[in-house]
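Visitor: Sharing a structure here in structure tokens format.
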Amino acid sequence: MGRAQELDLTKKVMAFNKRIKIKSLLESDFVGQEVTLMGWVRTKRSNKNVSFVALNDGSTINNYQVVADPTIIEEDILKRITTGACIKITGQIVASQGAGQSSEISASAIEILGDADPEKYPLQPKKHSLEFLREIAHLRMRTNTFGAVFRVRHTLAYAVHKYFNDKGFFYIHTPIITASDAEGAGETFKVTTLDLKNPPLNEDGSINYKKDFFEREANLTVSGQLEGELAAMALAEIYTFGPTFRAENSNTTRHLAEFWMIEPEMAFYDAEDNQDLAEDFLQYVIRYALEHCQDDLAFLDKRAAEEEQSKKADQRSELGLMERLRFVTENKFERLTYTEAIDILRNSNPNKKKKFQYLIEEWGADLQSEHERFLVEKHFKKPVILTDYPKEIKSFYMRLNEDGKTVAAMDILFPGIGEIVGGSQREERLENLTARMEEMHIPQEEMWWYLDTRRFGATPHAGFGLGFERLVQFVTGMGNIRDVIAFPRTPGSAEF
Ligand code: 4AD
Ligand code: MG
């Protein structure tokens with residue numbers, strides 16, 4: 001391409017980007033100015049004299065009204081302005097006659113950037129079910145609901161980084177491919193380049209991973225914590241925010257096979273410091289969304305209220321979405337130990353009347369989500385921090401308490417969600433840690449690097465993991481976790 005042509009192209013691209021976003025248009029007074037808008041047609045109404053087009057460009061949930069006069073805009077163009085089409089409008093901003101919006105654009109020229117055949121375009125200006133929209137996840141972000149969800153998701157992600165940056169924490173990128181299974185859950189996705197039809201074998205018939213890419217078994221990470229701990233032993237206060245993979249076959253509204261987790265890890269923090277940080281952090285990011293996503297949350301609040309109406313009376317939540325968010329930011333979380341929680345649960349009505357699927361009979365029982373939700377939604381009616389669980393039901397790295405039976409774990413339980421955070425003070429005493437690993441059959445040779453942090457300059461430290469999608473679910477009021485991540489991965493589903 002010649003130099004002249006190259007220059008021309010640059011000029012064209014620049015002109016293309018001189019559009020005004022609808023968000024900016026609505027925030028200040030543009031009346032009298034000539035501007036260019038670009039976006040997708042939500043609806044068009046026409047009569048003999050004029051067409052009104054509702055345009056959305058993604059910058060805000062609010063559409064902007066385009067007024068197209070058939071004596072100015074050619075008939076052929078007007079016909080192609082259909083729901084879903086992408087258009088470019090140049091025109092003057094004028095004061096609006098109609099109610100609702102103070103200004104509109106009077107089009108002097110409209111260009112069709114992309115047609116959308118109305119016979120084939122799946123999104124119509126009517127209500128579609130969330131289930132149907134999940135099948136067209138490539139288009140669902142063009143609806144009000146999903147536009148709102150993903151703007152809120154972005155804002156929450158930004159607030160996470162802002163919170164930790166302002167506090168002097170460092171963002172560490174922990175590996176996505178690892179050879180360890182941090183939680184000891186074993187539910188990992190394998191990573192291999194071996195030929196699955198014809199893998200190299202050892203003499204005993206097992207697969208010879210020495211011939212694999214990493215010369216060992218590898219998997220997608222289930223948590224960045226162990227590597228996060230290594231970083232905290234140098235930078236003192238760190239956090240990770242990355243994708244996490246679990247191959248558990250849980251087809252619930254709270255589980256994904258691929259989800260995002262935020263894991264702060266802090267040297268010189270004990271269990272209580274950890275709880276204080278988690279509570280402050282959660283309140284901060286929710287408050288941040290309340291302040292910065294007002295239009296989207298107002299829309300989601302209405303949507304959630306409509307959804308509540310379709311539920312049975314005893315399953316409806318007492319508070320609306322906005323009320324729930326404010327409630328969490330304005331009230332202290334309830335803190336109690338596992339042992340105290342077991343007492344409450346054992347004497348609870350649903351336990352006595354055998355309404356729980358899993359009855360609570362003795363100390364040591366693992367808590368199911370029905371128990372967690374009873375504590376949060378019926379008993380305390382606010383977020384709960386449950387601490388000091390029996391060591392048998394928690395991971396090997398949690399610090400053993402003086403009673404020798406419980407560990408310095410914490411789970412944070414949220415209304416409508418259940419567990420949103422899991423964390424603990426870590427076992428920094430080498431002998432305790434190796435004893436626990438032996439009891440739980442965790443091979444120590446492979447974890448030599450982790451154990452080294454307890455050999456060299458060990459210090460009390462603590463951390464936790466926040467499931468990002470569960471946070472987005474709580475803030476947006478979406479009932480299913482599949483509706484707060486753009487392209488959900490769940491058992492049997494990895495489309496798009
Ligand atoms: O409780 P978990 O398993 O804790 C850890 O992974 C620790 N290593 C965290 C730490 O101490 N650094 O997971 C933490 C959180 C859960 O509370 C939940 O919110 C979320 O991650 N989570 C999931 N979210 C979506 N889908 C899944 N399958 C999830 N599993 C856990
Ligand atoms: Mg957990």
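What follows is calculated from the coordinates using simple rules that are stated; it is not laboratory data. Predicted, not measured: the structure shown is a model, and the values here were computed from it. So basically every Cβ, Gly included, is an ideal-geometry build from the backbone, and we count neighbours across all protein chains shown.
Visitor: Can you tell me the Rg and Dmax of the range 77-124, counting just the alpha carbons, in angstroms?
Guide: Considering the range 77-124 through its Cα atoms, Rg and Dmax are 13.1, 36 Å.
Visitor: Kindly provide the helix-only [θ] at 222 nm of the chain, computed as the sum of -39,500 (n - 2.57) over DSSP H runs of four or more divided by all residues, to the nearest 500 deg cm²/dmol?
Guide: After summing the helix terms and dividing by residue count, I get -9500 deg cm²/dmol.
Visitor: With r as the distance between the Cβ atoms of L113 and Q294 and R0 = 30 Å, compute the FRET efficiency 1/(1 + (r/R0)^6) and round to 0.05. It would help to have the intermediate numbers written out before the result.
Guide: Working: r = 30 Å, r/R0 = 1.00.
According to the calculation, E is roughly 0.50.
Visitor: Follow-up. For G418, which sequence-distant residues (separation of 5 or more, or a different chain) have an amide H within less than 5 Å of its own amide H, given hydrogens modelled in the peptide plane?
Guide: none
Visitor: With the convex hull built on the Cα atoms of the chain, state its orientation-averaged projected area in nm².
Guide: 32.2
Visitor: Of all DSSP beta bridges in the chain, what percent run antiparallel (nearest 5)?
Guide: DSSP beta bridges in the chain are roughly 90 percent antiparallel.
Visitor: Rg to Rh ratio, the range 219-298, alpha-carbon atoms and Kirkwood radius?
Guide: Here Rg/Rh amounts to 1.05.
Visitor: Binning every alpha carbon pair distance of the range 432-487 at 10 Å from zero, what are the percents per bin?
Guide: Final binned percentages: 18, 27, 17, 27, 10.
Visitor: In nm², what is the average projected area of the convex hull enclosing the Cα atoms of the range 329-474?
Guide: Quarter of the Cα hull surface area: 10.2 nm².
Visitor: Tabulate in residue order the Karplus-calculated ³J(HN,Hα) for the range 68-79, using 6.51 cos²θ - 1.76 cosθ + 1.60 with θ = phi - 60°, rounded to whole Hz; enter x for Gly and Pro.
Guide: After applying 6.51 cos²θ - 1.76 cosθ + 1.60, I find 10, 8, x, 7, 9, 9, 4, 4, 4, 5, 4, 5 Hz.
Visitor: Taking K and R as +1 and D and E as -1, what net charge do the other residues with C-beta under 13 Å from the C-beta of D483 add up to?
Guide: Neighbourhood net charge equals +3.
Visitor: The chain: longest stretch without exposed GluC sites (Glu not before Pro) (DSSP loop, at most 16 other Cβ within 10 Å), sites themselves excluded?
Guide: Formally, the longest exposed-site-free interval is 1-73.
Visitor: Among S103, I136, L113, which residue has its Cα furthest toward the positive end of the charge dipole of the range 102-143, with +1 on Lys/Arg Cβ and -1 on Asp/Glu Cβ?
Guide: About the Cα centre, the residue reaching furthest to the positive side is I136.
Visitor: Taking the Cα atoms only, what angle lies between the long axis of helix 144-166 and the longest principal axis of the chain, rounded to 10 degrees?
Guide: In the chain, helix 144-166 runs at an angle near 50 degrees to the longest axis.
Visitor: A further question on this structure: T36: net charge of surrounding residues, Cβ under 9 Å, Lys/Arg +1, Asp/Glu -1, itself excluded? Don't jump to the answer; show the numbers that get you there.
Guide: On the way: positive: K18, R19, K88; negative: E34.
Around T36, the surrounding residues sum to +2.
Visitor: What is the angle, in °, between the Cα long axis of helix 294-309 and the longest principal axis of the Cα atoms in the chain? Nearest 10 is fine, range 0 to 90.
Guide: Long axis of 294-309 versus the principal axis of the chain: about 70 degrees.
Visitor: Ok, one more. Give me the angle, in degrees from 0 to 90, between the Cα long axis of helix 321-330 and the longest principal axis of the Cα atoms of the chain, rounded to the nearest 10.
Guide: Relative to the chain, helix 321-330 is tipped by roughly 50 degrees.
Visitor: Could you tell me whether the range 156-281 comes out rounded, prolate or oblate from its Cα gyration tensor? Rule is a ≥ b ≥ c as square roots of the eigenvalues, rounded for a/c under 1.5, then prolate if a/b exceeds b/c, otherwise oblate.
Guide: Prolate is the answer for the range 156-281, as a/c is 1.5 or above and a/b outweighs b/c.
Visitor: What share of all Cα pairs of the range 72-155, in percent, falls into each consecutive 10 Å distance bin?
Guide: In whole percents, the pair-distance histogram is 14, 32, 37, 16, 0.
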